[in-house]
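Here the structure is laid out as structure tokens; the discussion comes afterwards.
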Amino acid sequence: MTSSTNVSCFHEARRVAIFGGTHGNEMSGVTLVNLWIQNGKEIQRKGVETKPFITNPRAVEKCTRYVDTDLNRAFTTENLSAPSGDDLPYEVQRAQQINEIFGPKGSPEAYDVIFDLHNTTSNMGCTLILESSKDYFNLQMMHYIKNAIAPDSCPVLLTEHPLLKYSTSRSVAKHPIGLEVGPQPQGVLRSNIFESMRVVLKHALDFIELFNKGLEFPPCTVDVFRVSEKMDYPRDTNGNIIAMVHPNLQDCDWEPLNPGDPMFQTFDGTTIRYEGAGTVYPTFINEAAYYEKQQAFVTTRRETLAAGAIKKT
Amino acid sequence: MKQTHRITIQASAKDNRKHTSKIWMEPVSLPALSRVALCGGTHGNEMSGVYLVRELQRQKLEKAGSATLTTVISNPRAVQVCKRYTDTDLNRCFTDAILSSPVTDATPYEVRRAQELNTLLGPKGNVGAMDLLCDLHNTTANMGLSLISYSVQDWVIMHIYRQIQRKITSAPVRFIVLDLPLADAYSQDSLGKHGFSIEVGPQPHGVVRADIFNIMKEAVDQTLDWVQCFNSGCAFEGGEVDNVYTFVKSVYYPRDPETNQIAAAIHPQLQDRDFCLLHPGDPMFLMFSGEILKYEGEEVLHPFFVNECAYYEKSIAFHLARKMTVTIPPLQVKRD
């Protein structure tokens, strides 16, 4: 790859937020953010205002994913511009409040960076979620984090897709980053998962500090998994699930799934195989929250993204 | 019922077998099990039991040999919303006191449902109750396959345990006994003349894992096989069963004195190590501050239900048990 003399300049990242409890039963983020609200020393960096924030306190209180509707799908233009009122679902009201504090989404006043902390019941390890393939700042940060935690891995899931769009809490910021760490059951706090998330965030904040000091980051490439297709469970005519993720696929997030490989197992023991055209890389395999969204797993395709050099303005 | 114990030495000089000693118990005969109940969804988000009961209903499985099989989704409202319960934990509502409490408009859903189930599957302690009741559960703890009951002297249950232990190799198999008199027995399995729970983990609540489902299915198949065998007159020899754990006490999460929030996670060296040995001085909790809290009891015990999601609201981090071996008598069905 030829090196470019073009350097993308970004403003200093002075306002950073760390969201926990966007889903009230994803405990690592809830616990970390509550800790940092009490004592934020660990997340302080010179020249950065880092604000830890519980996005869905009512859901956290009830230790449930959401109260009325999924907050992490609520930041649509329609919701954010709707006239405010008590008759709106709780999470829509909350989205409007969050947009006011950390946004407005799409405006120059919006927060520079938001990290949104999530857990999954899927065996996804420490996954970073990227919303735009053209966000060089985010790509450079993810490149930095991946190098910092090597030999441990940090897969990057790119959710940019022409049809599958979801309007996340973090999308209010100029540079939204999702942290999805698993496997962890909902409502449970596992020490190892908690510590992994803490370490990834430390490296992310280190990157921001270095960037703000004026360090130039040279061009780089980042291997990512781009979302492709949502795969539902096989269902009967009444919509009831008739099969489970096959034991051979269970826990195999990020591993290749080839045509002919076992995919589901019916309750009476029959194997249903993957019949796609080519090899895909499944993820979010058997995520508890996605049964109601008709998703057993999502397929991804591997891609290498290029990020140009960046430095602060 | 009194058992007579005799010690017999067996020797066989001819074929060089080692001398063995056996403790003999007097053979027991018990009435046939003509009515069997299988319950799933007692906690609405413990999915193996929900899907297994639904599958058996789809297959219209209504008999196990000469026994009738009744399958029940115990807490349909909780299953509908995929939550453990709607008002209160159904599986704590089967004490004599709660079952006989008067129903008013304020009575929680699960209390009413428990009384309904008592009519359907009980009445608890009564001759009309189900002969065998098996209640299906999952846990987020790494407990493999555990059978849970109130006694180690219910020979039907102990022989079922022994069969499951012998036949199932896909998971470790253990028996947990809660030492409580029948009146205080709070779980649904206490409705049956013979009752036990099958607990399989680890599985997140709200998720069905094929490997966990298959283990539960095997355990249910072995249970029904045993019942058929028993009813048709098989003689089950006596002997010893091991991996039996008696509940001793619960260990609670440490809390921050100011905020009352839970202040630690289960230590990584204890996480997923259900039924291991916990010695005085072993790490139990890793505080968020980094400090390690160690076990300070005097007795070496075995933790179980380590980091079970549903126990956070009860502040329970895990339970501790003592391990033992139980001698069981030969068993056969009573001939009229």
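All of the numbers you see were taken from the coordinates with simple rules; none came from a lab. These figures come from a predicted structure and were not determined experimentally. FYI the Cβ positions are ideal-geometry reconstructions off the backbone, even for glycines, and counts take in every protein chain you see.
Report the paramagnetic label zone for A:A306: residues of the range A:199-228 whose backbone N is under 16 Å from a point 7 Å from Cα along the Cα-to-Cβ axis. Residues A:218-224 fall inside that zone. Going toward the positive end of the dipole of chain A, with +1 on Lys and Arg Cβ and -1 on Asp and Glu Cβ, which of A:S8, A:T299, A:P176 do you reach last? Comparing the listed Cα positions along the dipole, A:S8 ranks first. Computing FRET efficiency as 1/(1 + (r/R0)^6) for A:S153 and A:D68, where r is the C-beta to C-beta distance and R0 is 51 Å, gives about 0.90. Checked against a 26 Å cut-off, the cross-linked pairs A:K165/A:K213; B:K63/B:K193; A:K62/A:K134; B:K193/B:K314 give Cα-Cα distances beyond that limit for A:K165/A:K213; A:K62/A:K134; B:K193/B:K314. When the Gaussian network model of chain B links Cα atoms closer than 10 Å, the mean-square fluctuations of B:N126, B:N214, B:N307 top out at B:N126. Basic side chains Lys and Arg get +1 at the Cβ, acidic Asp and Glu get -1 at the Cβ, and with that the dipole of the range A:181-280 about its Cα centre reaches some 280 debye.
Relative to the longest principal axis of the Cα atoms of chain A, helix A:191-213 runs at roughly 30 degrees. How far is helix A:136-149 tilted off the main Cα axis of chain A, in degrees rounded to 10, range 0 to 90? Here the helix axis deviates by roughly 70 degrees. Which angle between 0 and 90 degrees, to the nearest 10, do you get for helix A:90-102 versus the longest principal axis of chain A when only C-alpha atoms count? Its long axis makes an angle of about 30 degrees. Quick check on chain B: take the gyration tensor over C-alpha atoms, sort the square-rooted eigenvalues as a ≥ b ≥ c, and tell me if it's rounded (a/c under 1.5), prolate or oblate. Oblate.
In terms of distances greater than 29 angstrom between alpha carbons, the cross-link table entries A:K51/A:K312; A:K146/A:K311; A:K46/B:K294 yield A:K46/B:K294. Peptide packing: for B:56-67, A:285-296, the average count of neighbouring Cβ atoms within 10 Å per residue gives the ranking A:285-296, B:56-67, highest mean first. Projecting the Cα positions of A:I310, A:T237, A:I285 onto the charge dipole of the range A:168-313 (unit charges on Cβ atoms of Lys, Arg, Asp and Glu, taken about the Cα centre) puts A:I310 furthest along the positive direction.
The HN-Hα couplings worked out from phi for the range B:93-98 by the Karplus form 6.51 cos²θ - 1.76 cosθ + 1.60 (θ = phi - 60°) are 9, 9, 6, 4, 4, 6 Hz, whole numbers, x standing for Gly and Pro. Name the shape class, rounded, prolate or oblate, that the alpha-carbon gyration tensor gives for the protein assembly as shown, where a ≥ b ≥ c are the square roots of its eigenvalues, rounded holds for a/c under 1.5, and otherwise prolate holds if a/b is larger than b/c and oblate otherwise. Here the protein assembly as shown falls in the prolate category. Projecting the Cα atoms of A:L130, A:A110, A:Q96 onto the dipole axis of the range A:92-134, where Lys and Arg carry +1 and Asp and Glu carry -1 at the beta carbon, places A:L130 farthest toward the positive end. For chain B, a Gaussian network of Cα nodes joined below 10 Å ranks B:E110, B:E291, B:E240 by mean-square fluctuation, and the top entry is B:E291. Relative to the Cα centre, the charge distribution of the range A:24-78, modelled as +1 at Lys and Arg Cβ and -1 at Asp and Glu Cβ, gives a dipole magnitude of about 240 debye. Can you give me the Cα centroid spacing of the range B:277-299 and the range B:56-122 in angstrom? About 39 Å separates the Cα centre of the range B:277-299 from the one of the range B:56-122. Largest GNM mean-square fluctuation across A:D135, A:D116, A:D268, computed for chain A with C-alpha springs under 10 Å, falls on A:D268.
Each stretch of four or more DSSP H residues adds -39500 (n - 2.57); spread over every residue of chain B, this sum gives -6500 deg cm²/dmol at 222 nm.
The charge dipole of the protein assembly as shown, taken about its Cα centre with unit charges on the Cβ of Lys, Arg, Asp and Glu (plus for the first two, minus for the last two), comes to roughly 780 debye. Could you tell me how far the Cα centroid of the range B:176-220 sits from the Cα centroid of the range A:67-135, in Å? Each part's Cα centre sits 40 Å from the other's.
For A:D253, nonlocal amide neighbours, meaning residues 5 or more places apart or on other chains whose placed amide H falls under 5 Å from its own, are A:N123. Put the Cα centre of the range A:294-313 next to the Cα centre of the range A:224-280 and the gap is 23 Å.
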